[in-house]
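Visitor: Here's a structure for you.
The values are calculated or read from the model by the stated rules, or taken from the named source; none is laboratory data. Owing to the predicted nature of the structure, the values given are computational and were not obtained by experimental measurement. So basically every Cβ, Gly included, is an ideal-geometry build from the backbone, and we count neighbours across all protein chains shown.
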Amino acid sequence: MPQDLPPLVDSHCHLTWESFDEDRADVIARMAEEGVEQAIVVATSTANALECAALCEAHPGLYPTAGIHPNDVPDDVEQALADLDGVLMGGGFVAVGETGLDYYRDNTVPERQQQAFRHQCRRALENDLPVIVHIRDKEGSWQAFDDVGDVIEEFPGLRGVIHCYTGDPAHARRYLAAGFVISFAGILTFPKGDNVRESALAVPIEETLVETDAPFLAPVPRRGKRNEPSYVAHTARSLAELKGLSEADVRRITTRNARRLFRLPTEETAGPPTYAIRDSLYVNLTNACDAKCTFCPRTHDEYEVKGYDLRRAKDPRFEEIVAAIEDPTQYDEIVFCGFGEPTLRLETLKQVAAWVKERGGKTRLNTNGHADLINKRATAPELVGLVDSVSVSLNAQDRETFERHCPSAFSPDGYTPMLTWIRAAKAAGLTVVCTALAGLEGVDMEACKRLAVEELGVGWRGRTLSEVG
Ligand SMILES: [Zn+2]
């Protein structure tokens, strides 16, 4: 690419499609040639979301979403949405979608599409993620465009993008007013794209994204070919011409817009995979957590711990983590903590722990005790020999007090599974210490200590609220 141009983000592509099976690695490598540093790999179903996550795990610069496309909402919509919730809970996704309304095809009735769309908007809002919206109408009708406006306006505070925009300026203005941004694809470059160009002129560049929607809709001069993320440069050039801006302007501004919406890390804001406090090294395995504890800073969208900004848009890979640890013996212990629940990434946790143990280091796991709930199996025996000690946030002497402070998204009862896990960990031979925070409403520290020491037969450490990390 021309070296002095700012990088680009392809805000929407489907790189898991089978049309990329032959040469996916080449397609991804070509992104760099055009300066496309990052791309959002968009899911169309829950099963596809897992494929997107696996692909993105292997490629820095790619970020997965989880959602159900309006054309792929199955008959058993309740089950499909429950499955999606489970996958979203695992964390690591930068958006919910693509969802939306498609009245052009009628393989799914509008009512079912709307139910799935509303559900995904709600989940996006709850998880503080943007939602990716697809809209397609029957020829000459604006029903889907109107209905999308109605739905997103039901969720004040919801962020998102209307992708591959094909509507008119009036509807675009309605979505902008609801807090959404608008994304333009290759249609912008088509000879017959006058209506799309008219809308692009009506949307301020500060609220505009560019995308490919690859493998579909390749822009001129690649029209009719399979589309791929590197071609987003053509759309950016065309937008620059249309708006009387330079290519550099469009790249700089749309990239900033995309990074803001999806909270993509940049070199400066990637967040460290590890961070040292006192003589211990903490591993920031994930920002995701299945619990929303009232006292946890991340519940309040704060990600700073002891002077470190721990926000990460992407969970660090094994290679990244061990490169940051370098030599485990220079620390008292390597602690799996981060700002989320480490056992959401059990496989990577075990891999890193094994690597640390092989090199003579010591390991500790800080957990909410939900590993079995999350991984749907008995996990404690798997940690034997890998984790020297486990610190579990007991947090309360009874279930009722616990649920008030630590509601779990997985289960109406996060307390009983935690106690079960503590017993299993002790039975497996792990060294377990329970902790609780002094000063929380209703928490009886003495009762917590009795429960830990006398009933569960494990260690105890009381902590104060200010002592995060
Ligand atoms: Zn799409």
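Visitor: The conditions are (1) on the phi < 0 side of the Ramachandran plot; (2) more than 16 Å from the ligand (Cβ to nearest atom); (3) not hydrophobic (A, V, I, L, M, F, W, C), and His12 fails exactly one of them. Which is it?
Guide: Condition (2) is where His12 drops out.
Visitor: Continuing with this model, one more query. Restricting attention to segment 422-453, which residues are surrounded by fewer than 17 Cβ atoms within 10 Å (Cβ to Cβ) and within 18 Å of Thr401 (Cβ to Cβ)?
Guide: Scanning segment 422-453 gives Ala438, Gly439, Glu441, Gly442, Asp444, Met445, Glu446, Ala447, Arg450.
Visitor: Since Gln113 meets every condition but one in (1) within 16 Å of the ligand (Cβ to nearest atom); (2) within 18 Å of the chain's Cα centre (by Cα); (3) farther than 18 Å from Leu217 by Cβ, which condition does it not meet?
Guide: So Gln113 meets the others, but not (2).
Visitor: Anything in segment 150-173 that is free of Cβ contacts under 8 Å to residues at least 60 places away in the same chain, more than 15 Å from the ligand (Cβ to nearest atom) and in contact with a strand residue (DSSP E or B) (Cβ under 9 Å, 6 or more places away or on another chain)? List them, or say none.
Guide: If the condition is that a residue be free of Cβ contacts under 8 Å to residues at least 60 places away in the same chain, more than 15 Å from the ligand (Cβ to nearest atom) and in contact with a strand residue (DSSP E or B) (Cβ under 9 Å, 6 or more places away or on another chain), then Val151, Ile152, Phe155, Leu158, Gly167, His171, Ala172 are the ones that fit.
Visitor: Would you list the helices (runs of 4 or more DSSP H) that sit entirely within segment 1-118 and hold 1 or more residues that are free of Cβ contacts under 8 Å to residues at least 24 places away in the same chain and within 24 Å of Arg237 (Cβ to Cβ)?
Guide: In segment 1-118, 24-33 are the helices (runs of 4 or more DSSP H) which contain 1 or more residues that are free of Cβ contacts under 8 Å to residues at least 24 places away in the same chain and within 24 Å of Arg237 (Cβ to Cβ).
Visitor: Next question, about the same structure. Pick out the one residue from Glu319, Glu333, Glu341, Glu304 that is at pLDDT 80 or above, surrounded by fewer than 16 Cβ atoms within 10 Å (Cβ to Cβ) and of a type in the set (D, E, K, R). Step through it out loud before you land on a result.
Guide: Details: Glu333 fails: surrounded by fewer than 16 Cβ atoms within 10 Å (Cβ to Cβ); Glu341 fails: surrounded by fewer than 16 Cβ atoms within 10 Å (Cβ to Cβ); Glu304 fails: at pLDDT 80 or above.
Glu319 is the lone residue from the list that is at pLDDT 80 or above, surrounded by fewer than 16 Cβ atoms within 10 Å (Cβ to Cβ) and of a type in the set (D, E, K, R).
Visitor: Within the set of pairs 6 or more residues apart or between chains, which connect a residue that is among the hydroxyl-bearing types (Ser, Thr, Tyr) inside segment 248-265 to a residue that is crowded, with 17+ Cβ neighbours inside 10 Å and in a helix (DSSP H, G or I) with Cβ atoms less than 6 Å apart?
Guide: Qualifying pairs under 6 Å: none.
Visitor: For segment 125-143, indicate whether the set of residues that are within 16 Å of the ligand (Cβ to nearest atom) and among the hydroxyl-bearing types (Ser, Thr, Tyr) is non-empty.
Guide: The answer is no; no qualifying residue exists.
Visitor: Among Val73, Val96, which is in contact with a Gly (Cβ under 7 Å, 6 or more places away or on another chain) and under 30 Å from Ala177 (Cβ atoms)?
Guide: The unique qualifying residue is Val96.
Visitor: Just need a number here: residues in segment 178-194 that are assigned to a helix (DSSP H, G or I), touching a helix residue (DSSP H, G or I) at 6+ places or on another chain (Cβ under 9 Å) and free of Cβ contacts under 8 Å to residues at least 40 places away in the same chain.
Guide: Residues of segment 178-194 that are assigned to a helix (DSSP H, G or I), as a first pass: 186-189, 194.
Checking the rest, the ones that are also touching a helix residue (DSSP H, G or I) at 6+ places or on another chain (Cβ under 9 Å) come to 186-189.
Now narrow it down to the ones that are free of Cβ contacts under 8 Å to residues at least 40 places away in the same chain: 187.
Residues that pass the stated criteria total 1.
Visitor: As an exercise: evaluate Pro70 against (1) modelled with pLDDT of 95 or more; (2) within 17 Å of Ala214 (Cα to Cα); (3) of a type outside the set (Asp, Glu) and give the number of the one condition it does not meet.
Guide: Every listed condition holds for Pro70 apart from (2).
Visitor: Which one of the conditions (1) in contact with a Leu (Cβ under 8 Å, 6 or more places away or on another chain); (2) more than 18 Å from Ile422 (Cα to Cα) does Asp327 fail to meet, given that it meets all the rest?
Guide: Going through the list (1) in contact with a Leu (Cβ under 8 Å, 6 or more places away or on another chain); (2) more than 18 Å from Ile422 (Cα to Cα), Asp327 breaks only (1).
Visitor: Could you count how many residues in segment 8-38 are crowded, with 24+ Cβ neighbours inside 10 Å and closer than 29 Å to Thr108 by Cα?
Guide: Qualifying residue count for the region: 5.
Visitor: Which residue is surrounded by the most Cβ atoms within 10 Å (Cβ to Cβ), if the candidates are limited to segment 48-57 and must be within 16 Å of the ligand (Cβ to nearest atom) and closer than 21 Å to Asn71 by Cβ? Spell out how you get there, then give the answer.
Guide: Pass one, segment 48-57, residues within 16 Å of the ligand (Cβ to nearest atom): 48-49, 51-52, 55-56.
Still in the running and closer than 21 Å to Asn71 by Cβ: 48-49, 51-52.
Details: Asn48: 22, Ala49: 27, Glu51: 16, Cys52: 25.
Ranking the candidates gives Ala49 first.
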